[in-house]
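These notes concern the structure reproduced below.
Rule-based calculations on the coordinates, nothing more; no lab input. Remember, predicted model here, so these are calculated numbers, not experimental data. A quick note on method: Cβ atoms are made from the backbone with ideal geometry, for glycine too, and the neighbour counts reach across all protein chains shown.
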Amino acid sequence: MRDRLRAVREAIARSCDAVGRDPAGVTLVAVSKTFPADAIREAYDLGVRDFGENRLPEAQDKIDRLPRDLVSDCTWHFIGKLQSRKVRAAAELFDVFHTLESDSQLREFAKLERKRDALVEVNIAEEPQKAGVLPWDLDEFLAQALYCERVRVRGLMAMGPALDDEEAMRPFFRRLRLLSERLSEGAWLSMGMSSDFGAAIQEGSTHVRIGSALFGERR
Ligand SMILES: *Cc1c(COP(=O)(O)O)cnc(C)c1O
């Protein structure tokens, strides 16, 4: 993992260089889904502090296996589909929610005792069946989220279509950045995965979600 992490960090730095960005402005979210708690511990020992998980029971199980001081030293990112009835349980574990997309989620967040950071997931390629708020519904959803005192909308997230060509993804990353201009200065942009984070960073990503490039192929 040490070599893979070094390669990812170097690639992040190169992409930042190419467009004159400071690598400190890009958070590497290590997507540990399907990998065991030991893999998280190994990444932690190598300096990783941000982890992304997409399933609540799996995350709960792993977090239970990790030492408390490690858990509290990390930022936990929820990147999976978030069912509204799971919001309360997820809020016990996670610090940042990347997949805010529905009024029913907002209603559940509203019942919590304190505020959580969230990103609004945008269905950036307007794919049917895909999660996320459609671009033309974004303003209305953002206005609604603003009324929810327990959600701090920090920016936008997108998954994008699964294209194997990084350059083909670039227009979607660009579109998400343009959409984020309606948010305040310094809004977060969660975009870019193992296969395309270089283009995502050049287009303004602040949070790259990287799994296989760090942990290896998932089974
Ligand atoms: C699995 C996953 C990733 C990481 O994918 P890799 O291609 O392994 O880097 C990123 N974002 C989300 C939402 C995911 O579910």
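Numbers at a glance
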{"item": "Set of lysines with alpha-carbon distance to Lys33 below 22 Å, sequence-local pairs under 8 removed", "result": "Lys62, Lys81, Lys86, Lys130"}
{"item": "Computed helical MRE - 222 nm, the chain, DSSP H runs ≥ 4 contributing -39500 (n - 2.57), nearest 500", "result": "-11500 deg cm²/dmol"}
{"item": "Longest exposed-site-free window of the chain, the sites being GluC sites (Glu not before Pro) in a DSSP loop that have at most 14 other C-beta atoms within 10 Å", "result": "1-112"}
{"item": "Cβ-derived FRET efficiency at R0 45 Å, Arg41 paired with Asp139, nearest 0.05", "result": "0.60"}
{"item": "Protection proxy ranking of 194-202, 157-165 - average other beta-carbon atoms within 10 Å, highest first", "result": "194-202, 157-165"}
{"item": "Partner aspartates and glutamates for Lys111 [C-alpha distance under 18 Å; skip if fewer than 8 residues away on the same chain]", "result": "Glu92, Asp95, Glu101, Asp103, Glu149"}
{"item": "Full-stretch length increase - Ala162, Asp103 - with 0.36 nm per residue and alpha-carbon distance subtracted", "result": "18.6 nm"}
{"item": "Whole-Å distance, taken between Cα centres, linking segment 171-204 and segment 30-72", "result": "25 Å"}
{"item": "Formal net charge of residues neighbouring Gly192 (Cβ-Cβ distance under 11 Å; K, R +1; D, E -1)", "result": "-1"}
{"item": "Taking segment 2-215 and dividing mean pair separation by its residue count, relative contact order in percent (alpha carbons under 8 Å, at least six apart)", "result": "21 percent"}
{"item": "Size of charge dipole - segment 2-215 - debye, nearest 20, with Cβ of Lys, Arg +1 and Asp, Glu -1, no other charges", "result": "460 debye"}
{"item": "As computed over segment 2-215, the Cα convex hull volume per residue (Å³)", "result": "119 Å³"}
